[in-house]
Amino acid sequence: MTYQVKRIAGYLLGLVLFYAPFALFQKILGFLLKGKWQEQTIHSLCLRIPTEHLLDGRIFQYASISVVSLGILLIAAFFFGPVFCGRLCPAGAFTEYLSKLVPERLQIDWIKYTEIAPIRYGMLAGFCLVPFFGGILACAYCNFFLFDLVANYYSQGYFISLSSSLLLTSILWLVVFGIFTKGGRGYCNFLCPVGALQNLTHYFSSRLGFAQKMQVDEQQCIGCKQCATTCPMRAITVQDKRAKISLHNCIICGQCAHICPVQAIHYGRKCHEK
Amino acid sequence: MKNKLISFLIAMGIPVSTLSLQGAGCTGMCGSCGFNCTPGIFALLFFAGKYCFQSMKGRVAL
Ligand code: SF4
Ligand code: SF4
């Protein structure tokens, strides 16, 4: 199977695992936790509610399926990096593939305008602070929710009235940070707290030496910049003819390793330098 | 470093800005009122500002 086919198959698997009408992951987890096989949707998995309550101590008051799911996600991110984002999440993939329909000259390459990591983590910090002041933001600005509306409108037939925040989520997720952003993953980069939390975990586990991560063999790299151009998260910079991958927003999609003409990029724990 | 800190703090304001309308009846829950739009508007203004500022800086440098 070629790399691209494998990648698309991964996102389709994500659709079957996490989204109604299948939602197999939630159904299996629900069966293991409650002994019952029930209908589930993306909302029973919700990763944003436990993320929002990580700091205020109320995390365990919420549905066990979503708390356990977030735990599984973070354990996976600790050892393998944010593979959920890069290989399974159909909401992120949706805007990435959609952005390929728009000519690149019309798209903004945000890396030229701002640093990504401080905004990513600033957004996460604010998201976790809001509950301390009695606010809740989990459902507002949720791209998982919006993707569910897109994916299930025809099969489930439900739709909700377009509230102001849902309209703005659509504009941000699909338009500004979707089709008009180079790579199509501006929402993942700037506004997804679940992605930011995984990358933070990935960063610390990499510093401790536990993580499998994307790494560049500096001896082999010829500085051609093909990896930087193709990276949907704009996580690669090339300086002095050497590519460098940021742990703060690499989602282990493998696109860079696939395109590198000299196979200088590898996924693993140890550096492959020769 | 200073720029990173400023970006971090302003980005923190994106979700926190929802609190400005809590007192006006907004619970921050999608669809519960017509005013839970501040984070989105804040985000749009923030990124438009970044885009314009950097574009102008680039043009001046040229
Ligand atoms: S650095 Fe490579 S693996 Fe990481 S997000 Fe970019 S293309 Fe994907
Ligand atoms: S594609 Fe490969 S050779 Fe080219 S800059 Fe990236 S890592 Fe280096």
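Going by the conditions given, is A:Leu146 at pLDDT 85 or above, facing another protein chain (nearest Cβ under 8 Å) and open to solvent by less than 40 Å² (accessible area, probe 1.4 Å)? So A:Leu146 does not fit the description; no. Scanning region A:218-233 for residues that are in a loop (DSSP other than H, G, I, E, B) and within 8 Å of ligand 2 (Cβ to nearest atom) turns up A:Gln220, A:Cys221, A:Ile222, A:Gly223, A:Cys224, A:Lys225.
Restricting A:Thr201, A:Thr181 to residues that are in contact with a helix residue (DSSP H, G or I) (Cβ under 6 Å, 6 or more places away or on another chain) and away from ligand 1 (no atom under 13 Å from the Cβ) narrows the list to A:Thr201. Based on what the data block shows, is A:Gly254 within 6 Å of ligand 1 (Cβ to nearest atom) and within 23 Å of A:Phe210 (Cα to Cα)? Yes, satisfied.
Looking only at helices (runs of 4 or more DSSP H) that fall completely inside region A:29-136, which ones have 1 or more residues that are closer than 30 Å to B:Lys2 by Cα and either in contact with a Cys (Cβ under 7 Å, 6 or more places away or on another chain) or among the β-branched types (Val, Ile, Thr) (or both)?
Values: elements: A:42-45, A:48-52, A:64-80, A:90-98, A:117-129.
Qualifying helices (runs of 4 or more DSSP H): A:48-52, A:117-129.
Among the residues in region A:200-215, are any within 15 Å of ligand 2 (Cβ to nearest atom), closer than 30 Å to A:Thr51 by Cβ, within 14 Å of chain B (Cβ to nearest Cβ) and modelled with pLDDT of 95 or more? If you could, list the steps in order and put the result at the bottom.
Kept after step one, since they are within 15 Å of ligand 2 (Cβ to nearest atom), are these residues of region A:200-215: A:213-215.
Now narrow it down to the ones that are closer than 30 Å to A:Thr51 by Cβ: A:213-215.
Subsequent filtering for residues that are within 14 Å of chain B (Cβ to nearest Cβ) retains none.
Taking every residue of region A:200-215 in turn, none turns out to be within 15 Å of ligand 2 (Cβ to nearest atom), closer than 30 Å to A:Thr51 by Cβ, within 14 Å of chain B (Cβ to nearest Cβ) and modelled with pLDDT of 95 or more.
Within region A:9-54, the set of residues being open to solvent by 60 Å² or more (accessible area, probe 1.4 Å), without any contact (Cβ under 8 Å) to a residue 24 or more places away in the chain and within 18 Å of the chain's Cα centre (by Cα) is empty. Take region A:132-141 and flag every residue that is open to solvent by 10 Å² or more (accessible area, probe 1.4 Å) and either modelled with pLDDT of 85 or more or not small (Gly, Ala, Ser) (or both). Hits for region A:132-141 are A:Phe132, A:Phe133, A:Ile136, A:Cys139, A:Tyr141.
Looking at region A:222-244 only, could you name the residues that are within 7 Å of ligand 1 (Cβ to nearest atom) and open to solvent by 30 Å² or more (accessible area, probe 1.4 Å)?
Initially, region A:222-244 is screened for residues within 7 Å of ligand 1 (Cβ to nearest atom), giving A:227, A:230-233, A:235-236.
Result: A:Thr230, single match.
The values are calculated or read from the model by the stated rules, or taken from the named source; none is laboratory data. Please read all numbers here as calculations on a predicted model, not as lab measurements. Using ideal geometry, Cβ is built from the backbone for each residue, glycine included, and neighbour counts are taken over all protein chains shown. When the accessible area is computed, the model is the full protein with side chains, heavy atoms only, and any ligands, DNA or RNA have been set aside. Shrake-Rupley method; radii C 1.70, N 1.55, O 1.52, S 1.80 Å.
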